[in-house]
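Have a look at the structure below, then the notes.
The values are calculated or read from the model by the stated rules, or taken from the named source; none is laboratory data. Remember, it's a predicted structure, so these values are computed and weren't measured experimentally. Here the Cβ positions follow ideal geometry from the backbone for every residue, glycine too, while neighbour counts run over all protein chains shown. When the accessible area is computed, the model is the full protein with side chains, heavy atoms only, and any ligands, DNA or RNA have been set aside. Shrake-Rupley method; radii C 1.70, N 1.55, O 1.52, S 1.80 Å.
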Amino acid sequence: MLLPRPISAVIFDMDGLLLDTVPLYAEAMVQAGQDVGVNITHSYVLSLVGLLGSELKARLIDDHDLGFPITNYLKAMNTRLEPLLGGRVPLKPGAADLAKYLSSQKVPLAIATSMKHAEARHHLDATGLSPYFQIVAARDDVAQGKPYPDVYFKAMSMLGSAPASCVALEDSFNGVRAAHAAGAMTIMVPDVQIPTMEIEGFCVQVARYLYKVKAILSASTDA
């Protein structure tokens, strides 16, 4: 259960890890397809978890033919998402407890998210998590979003922590790939994607719930 190296900081994803947003994204993306007359399936949407912004757009273009109405689709998706994400999105079970515990142990915390910076701050404020996360690295703070490691490098730089001593908490394949590429000790907490052997190989641990993550980190910080 112990991690391979001492911990200097913990970096959290948001969508699907702290926030229960994936069902909202899935609903909006499937319905947006219906709005513009294309078939976007729920299973396909789940393969896109962890992607937002230009990375999501590029994947949609790559996966469809030249007739795919990308501009209209993204507009419809954002129209569907706005009312769903505008208020207080539910936290994942154990999220607040984990952040509070790590803060009490004086472990520096940060966010590395595919959301835009203002969106991330909105959700931290709305859920009451802002006091625990002074450092936020978001999609619009870097050149490339997940699965590229840029947001993790940004968060690590702001923390002043070496990659090898940072723990990254992720729920998606694309997030795991980003954290692993940044050199972090990656713990996956699967939301809707069951880790493959490849993804498990990028992780130091796979934990079913955030409560399990607390046990892992507690054992490692006390060792």
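Test residue 33 against the criterion of being buried (at least 16 other Cβ atoms within 10 Å of the Cβ) and without any contact (Cβ under 8 Å) to a residue 60 or more places away in the chain, and give yes or no. Before you say what the answer is, go through the steps one by one.
Numbers: buried (at least 16 other Cβ atoms within 10 Å of the Cβ): yes; without any contact (Cβ under 8 Å) to a residue 60 or more places away in the chain: yes.
For residue 33, the condition - buried (at least 16 other Cβ atoms within 10 Å of the Cβ) and without any contact (Cβ under 8 Å) to a residue 60 or more places away in the chain - is met.
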Report summary line: Cβ pairs under 8 Å, 6+ apart or interchain, first in region 172-195 and open to solvent by less than 10 Å² (accessible area, probe 1.4 Å), second of a type in the set (S, T, N, Q) and assigned to a helix (DSSP H, G or I), ordered by first then second residue, are 185/165
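What number of residues in region 133-154 are open to solvent by less than 10 Å² (accessible area, probe 1.4 Å) and either among the β-branched types (Val, Ile, Thr) or assigned to a strand (DSSP E or B) (or both)?
We begin by selecting, within region 133-154, every residue open to solvent by less than 10 Å² (accessible area, probe 1.4 Å); these are 133, 136-138, 145-146, 151-152.
Filter again for either among the β-branched types (Val, Ile, Thr) or assigned to a strand (DSSP E or B) (or both), leaving 136-137, 151.
Going through region 133-154 one residue at a time, the tally reaches 3.
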Query raised in the report: Residues in region 101-119: is at least one more than 14 Å from residue 10 (Cα to Cα), assigned to a helix (DSSP H, G or I) and touching a strand residue (DSSP E or B) at 6+ places or on another chain (Cβ under 7 Å)?
Result: yes
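Considering 130, 161, 104, 157, which residue is surrounded by 19 or more Cβ atoms within 10 Å (Cβ to Cβ), of a type outside the set (Lys, Arg) and on the phi < 0 side of the Ramachandran plot?
Numbers: 130 fails: surrounded by 19 or more Cβ atoms within 10 Å (Cβ to Cβ); 104 fails: surrounded by 19 or more Cβ atoms within 10 Å (Cβ to Cβ); 157 fails: surrounded by 19 or more Cβ atoms within 10 Å (Cβ to Cβ).
Of the residues listed, the single one that is surrounded by 19 or more Cβ atoms within 10 Å (Cβ to Cβ), of a type outside the set (Lys, Arg) and on the phi < 0 side of the Ramachandran plot is 161.
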Report task. With the condition kept exactly as written, say whether any residue in region 33-56 is at pLDDT 90 or above, under 20 Å from the mean Cα position of the chain (by Cα), assigned to a loop (DSSP other than H, G, I, E, B) and among the small types (Gly, Ala, Ser). Result -> no
